[in-house]
Structures are given as structure tokens and as C-alpha cells.
1. Could you name every one of the strands (runs of 3 or more DSSP E) located completely within the chain that has at least 2 residues being open to solvent by 20 Å² or more (accessible area, probe 1.4 Å), in contact with an Asp or Glu (Cβ under 8 Å, 6 or more places away or on another chain) and touching a residue at least 12 places away in the same chain (Cβ under 8 Å)?
2. Go through segment 65-79 and give me each residue that's modelled with pLDDT of 95 or more and touching a Leu at 6+ places or on another chain (Cβ under 8 Å).
Amino acid sequence: MTVAPLAERFGVRAVGEVGLTTRGIWERALEEVVRDGTDVCHLELSAVTFVDVAGAGVLVDAARRLPVGRRLVLHRPPPALRRTLELFWPDLSAIEVSMS
């Protein structure tokens, strides 16, 4: 997995898989965006092929640490991540899924 800053807006682009061996990279990237004071953080996930449940949990934990009014926008996340979020965390307003 690789993670790099987005050029056009605040956030990161992730490429690869989030699993046991790459979870640390994912955690560090999310920790950075949580520390920033920007109201909206964009996560471009169109090149992410898989996120395990623990990786989804890391994402949810990051979103829960955001102050009220801030949110994470997931752009084109893998279908399994969308389903996991809908199934386990359907009312988490700090995460928005965008298919554009």
C-alpha cells in the first residue's frame, strides 16, 4: 500500500490493499488527516482493492475522533468497504461516501 497527498484538495490517495501487513501505513495516514484542522478530508480510494474489517475499524476510529462538523469523504471506495461501513456503522455521519 502507498499513500500520497492529493494535489487538488486536502486529503490523500491510497493505492493497494489494507490488511495485516499494511495496516500501519493506513493508520499513520488517517492519524495525519485527523490532526489537521480542515473541515473535510478527502480519501481517494479508487485504487484500493481491499480493506479488511480491522482496516475499516481504523477508518471508523479516525472518523470518531474528528470534532463535530468535520468529516471524511471517501471517493470511490472498494465495494466491500462500502458494505462493511453500511453493515456495522450505518449511522456514522463523519464518513461520507462519494462515487465521483
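The values are calculated or read from the model by the stated rules, or taken from the named source; none is laboratory data. What you see is a predicted model, and the numbers here were worked out from it, not measured in a lab. So basically every Cβ, Gly included, is an ideal-geometry build from the backbone, and we count neighbours across all protein chains shown. Areas reflect the complete protein model, heavy atoms only, side chains present, ligands, DNA and RNA absent. Shrake-Rupley method; radii C 1.70, N 1.55, O 1.52, S 1.80 Å.
1. On the way: elements: 2-5, 11-18, 40-51, 71-75, 95-98.
Here the list reads 11-18, 40-51.
2. Matches in segment 65-79: 72, 73, 74, 75, 76, 77, 78.
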